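Visitor: Structure provided below as structure tokens; questions to follow.
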Amino acid sequence: MEGYNHKEIEKKWQEKWEADNLYKTEDQAKTADGSPKENFYTLVEFPYPSGNLHVGHWYAFAVPDIFARFRRMRGYNVLYPIGFDSFGLPAENAAIKRGLDPKEWTYSNIDYMSGQLKSMGNMFDWSRKVVTSDPEYYKWTQWLFIELFKKGLVYKKKGLVNWCPSCQTVLANEQVLTHSTDSEQVATCERCGTEVTKKDLEQWYFKITDYAERLLKDLDGLDWPEPIKESQRNWIGKSEGAEFSFQLSGVSFQENQSSALSYVMGVDDITSDLKKIGVEIFEKTPSGDYKVTVPKNKLRDFEGLISEKLKPGFWNEYIADETVFIFKDQTGEIKRFIWDEANEAELLQLCNEYAKANFSSIRGMLEGNEWYREKLEAHSRQLEAVRVFTTRADTLFGVTYIVLAPEHELVQSLVNSQKPIVENAEEVKKYVEEAKKKTEIERTDAKKEKTGVELQGIKAIHPATGEEVPVWVADYVLAQYGTGAVMAVPAHDERDFQFAKTYNLAITDVIADREEGRALTEYGTVINSHEFDGLTSEEAKEKITEKYGTKKITYKLRDWLLSRQRYWGCPIPIVYDPEGKPHPVPEEHLPWVLPTDNIDYTPKGTSPLGSSKELVERTEKIFGKGWRPEIDTMDTFVDSSWYFLRYTDPHNDQSFADKNMQKSWMPVKRYSGGAEHTTMHLLYSRFFHKALYDLGLVNESEPFKNRMNRGLILGPDGQKMSKSKGNVVDPGPHVERVGADTVKTYLAFIGPYNEVGQYPWDLGGIAGVRRFLERVWKLQEIVTTDEDSKEIHILLNQTIKKVTEDIESYKFNTGISQMMILVNEVEKVKKISKHTYKTLLQLLAPFAPHLTEELWEKMGHKNSIHIESWPQYDSSKLIGDEVTYAIQINGKLRGELRVARDTEESDVVTMAQDIQGIKERIRDKQVLKTVFVKGRLVNFVIEI
RNA sequence: GCCCGGGUGGCGGAACUGGUAUACGCGCACGACUUAAAAUCGUGUUCCGAAAGGGGUGCGGGUUCGAUUCCCGCCCCGGGCACCA
């Protein structure tokens, strides 16, 4: 017999499988007898074409292949596809570094890595390969983007965004990693590890926050490991609490009204822009209102400016069933508004601004409208009050001051009005400026001392007691969370307490007598006189909210920032008309291709697409003079948010994926991937899929029924693999030396796959697995025509059962152990029946597909082992006729007894008493109790 | 700080529903084969102890005839969130 030559065998079978199309996945498949097979979709996260496979890729792709093959042998029509997530920064960076075209670099990597992936011998159906940078693919990314745009789920807004100075692009919240050390907090870029800064930019967003509640609630129905769900829940960050309104004394409605325009429009931002286009700033009229003088020839510019500055969703032209409002000033038409119930709030705000800017004719028109009057009144009340969000409504009576975030709109309006009512307006302005200059990190570092400044001259009125409390501005309050303002309860909140100590503010403890919510300090004045005393915290929360506030729910989740100022990505299919209004590129012009001319890839913080003449010319040619293209590209997570749908129908040029085709595969039955995607790709995909579900484009509201997060392969030194540590394991030489089957089986053997474990790559371990496969190879020498012994037969049955269950639950390690036990046993008796060998090969086939295929052929089989059906076990033959009883005295093992399985209890006990070592121990003692567990143990309880 | 996991030999890890803790593999030791080494095969390998025996699944308690498993209180490690009110 020749030895186990993995090189020859693996090459031979990989070629044969390809020639035979063994792994081609049909849309619908039939069994030999003509009945349809059930479709089964199992997925692995597709790789980024970085240039070279490392051992982590093997772990990610080769090990789940065991499960896919197993399911196939069990009679399912299995889809186990592969592709490339091929847009993205590394390609662009590599291109810059090497002076290459990112496209060339990417596609040559795809070629090279495809070869490497094929060397694994997985059952991928390469004809379904999906590459996200192919125009045939990204056409549909763009198409889906536009569908979401039409649904109002994509919008543009200006705001503080995360900026990676190294990648020279913005990042979504999810793509910023925060690390905390003893002394400071650091936020870094998920891709390159550079410290992230903030920029004030106008960017495109997906409205993922609209789905916060559903993303949270639907987790319950998913068959995912609990820790993954928990991470998503944390990330979404739901808080149930209450909102209270604190009226402001010293602030008149008039004052607020007069400054309303400035704060909504964001005077600071718009002033210089207005100057640039030659528009006079706000002029006060005798009635106390403000007026913007816009020369007729500047009207366009003005409109463009405010349309950008004001909420962009409002300019969406897809609103149906509209009522049109025309707003005019003395010089002519300013803007045509489309009235939409869904956008009431935004419309109202806008109406207000125009009204207050003294466009008197419109004001008259508006004031005649009952709906508007009602809203105006409500809005005015809002302006006079500070709304706060709290999860501790029960501490309402402990409020001793109010704090606004520096960005709070009220702060803007109070200090920026012409005649500020805040006495120390200059001081406040200075503080706000300084806060803005600080990085997010500096500001959100809880370890730093808190700073703030009081708004002198105004007070907030406590909604329950009517008392006046001071109003402060401090940067420990976050503008983006809740209402951007908090009611401070220093007796019960650590942060408020610190702040109160620093600025010597009152500390009142109101609920010190309650079991829960014990006060932080003894400094406070204890008052226990309010009507809610004696209630539990929960009761008090409810009652107080009911009487003085409203229930409110908030989430930490922020909208998904999708624009990127880089070249190698899917172009955002938006064009702007000469007035600056965004329009989606019509379907007939998709794919809206990535330009290839004049591109300077060097990151300058602006989009490389801006230097493409072709893109501008294309835009003007199609849409007309003065139209300009969007020059940002999409976050690559958009590409990967739907790729799993494309696999179901990869060559469709009429639709992103036929709905019937989806129906036969979706949802993904098992999805394996890395833990790092828990709050990125997995969350994005769920959002995307839900949005598509609402649009009627997919059949299910959740894409992934079952998820398995895999662990990490560490370097041989037990450290995380990294180039800088020089401990990266290249699987190539190992595959050369011991073969793909050994590497794959070893990776499956090191530990359970479905837990986020960390396993060091251990060369000794891999040698052990290679030995095991060689022993399986050598078993062919001792195959006999004899029947198995009873013991071997039982062991075989147990092995089938164990391997079956373990593959199903991704516990490959114990499945392999069981096969090793079987091999150990047959080696001991130096023979193996043909039936047992055949069964062993079938069980091992998913782990070592090449080796088993070769041995299968050597046994004389004509068809591939991989289309064989999975062995069945005989459940009546799982246990032998004899059992071993453990004989204990007072719970300590003192002997063993091997008897026939069906021996009566009394006989077992009698025999047990007679065993050497038991006999003398119980001779002089009284047996108080005898515990008998059938088939397991006898325990004599004696006095000590 | 809040919320999840987890802690078992020298190492990766097993252990049903509370029932013989340490399966399987690595490593190590000894032996066989060999001039020798590698490879291979065999034997042993939880700790203390020569043995008898005793201890032992992070620590301390508890429940039980019996606890890695259940309960209470701690410690440590990994992960998620975090000035989120």
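Readers should treat all values here as calculations from the given coordinates under stated rules, not as data from a laboratory. All values reported here derive from a predicted model rather than from experimental measurement. Using ideal geometry, Cβ is built from the backbone for each residue, glycine included, and neighbour counts are taken over all protein chains shown.
Visitor: HN-Hα J couplings of the stretch A:192-198 from phi, Karplus 6.51/-1.76/1.60, θ = phi - 60°, integer Hz, Gly and Pro as x?
Guide: For the stretch A:192-198, the Karplus curve yields 10, x, 6, 5, 8, 10, 10 Hz.
Visitor: Restricting the calculation to Cα positions, tell me the Rg (one decimal) and the Dmax (whole number) of the stretch A:744-816 in Å.
Guide: Every Cα atom of the stretch A:744-816 included, Rg and Dmax give 14.9, 45 Å.
Visitor: Another one. Enumerate the whole-percent occupancy of each 10 Å bin, from 0 to the last occupied one, for all C-alpha pair distances of the stretch A:883-944.
Guide: Answer for the stretch A:883-944: a P(r) of 24, 61, 15, 0 percent.
Visitor: Reachable lysines from A:LYS925, Cα under 24 Å, same-chain residues fewer than 8 places away excluded?
Guide: A:LYS892
Visitor: Output ³J(HN,Hα) for the stretch A:928-938: one whole-Hz value per residue in order, computed from phi by the Karplus curve 6.51 cos²θ - 1.76 cosθ + 1.60 with θ = phi - 60°, and x for Gly and Pro.
Guide: 6, 7, 10, 9, 10, 10, 3, x, 10, 7, 10
Visitor: If packing is taken as the mean number of other Cβ atoms within 10 Å per residue, what is the order of A:614-626, A:485-497, A:91-103, highest first?
Guide: A:485-497, A:91-103, A:614-626
Visitor: Which entries of A:LYS103/A:LYS556; A:LYS97/A:LYS198; A:LYS199/A:LYS238 have Cα-Cα distances beyond 31 Å here?
Guide: Details: A:LYS103/A:LYS556 38 Å; A:LYS97/A:LYS198 26 Å; A:LYS199/A:LYS238 27 Å.
Cα-Cα > 31 Å for A:LYS103/A:LYS556; rest within.
Visitor: Could you give the C-alpha radius of gyration of the stretch A:740-879 expressed as a fraction of 2.2 N^0.38 Å, taking N as the number of residues it contains? Walk me through the numbers on the way to the answer.
Guide: On the way: Rg = 14.7 Å, N = 140, 2.2 N^0.38 = 14.4 Å.
The reported ratio for this selection is 1.02.
Visitor: Could you give me D for the stretch A:67-151, from Stokes-Einstein at 10 °C and 1.306 mPa s, where the hydrodynamic radius is the Kirkwood radius over C-alpha pairs? Units µm² s⁻¹, please.
Guide: Rounded, D is 104 µm²/s.
Visitor: Quick one: what do you get for the stretch A:11-69 if you divide its Cα Rg by 2.2 N^0.38 Å?
Guide: 1.44
Visitor: Quick check on my link table: of A:LYS24/A:LYS129; A:LYS581/A:LYS604; A:LYS438/A:LYS604; A:LYS778/A:LYS831, which ones sit more than 18 Å apart, alpha carbon to alpha carbon?
Guide: Over 18 Å apart, Cα to Cα: A:LYS581/A:LYS604; A:LYS438/A:LYS604.
Visitor: Report, by chain and number, residues whose modeled amide H sits under 5 Å from the one on A:SER86, excluding near sequence neighbours (fewer than 5 apart, same chain).
Guide: So A:SER86 has HN proximity to A:THR132, A:SER133.
Visitor: What is the P(r) of the stretch A:15-159, as percent of Cα-Cα pairs per 10 Å bin from 0?
Guide: 10, 30, 30, 21, 7, 1, 0
Visitor: Just want to confirm a number: the relative contact order over the stretch A:663-709, from Cα pairs under 8 angstrom separated by 6+ residues, in percent.
Guide: Taking the mean separation of contacting Cα pairs over the length of the stretch A:663-709, I get 60 percent.
Visitor: Cα-Cα over 22 Å: which of A:LYS139/A:LYS705; A:LYS11/A:LYS862; A:LYS811/A:LYS862; A:LYS217/A:LYS690; A:LYS7/A:LYS118? Don't jump to the answer; show the numbers that get you there.
Guide: On the way: A:LYS139/A:LYS705 27 Å; A:LYS11/A:LYS862 19 Å; A:LYS811/A:LYS862 31 Å; A:LYS217/A:LYS690 12 Å; A:LYS7/A:LYS118 14 Å.
Violating the 22 Å Cα-Cα cut-off are A:LYS139/A:LYS705; A:LYS811/A:LYS862.
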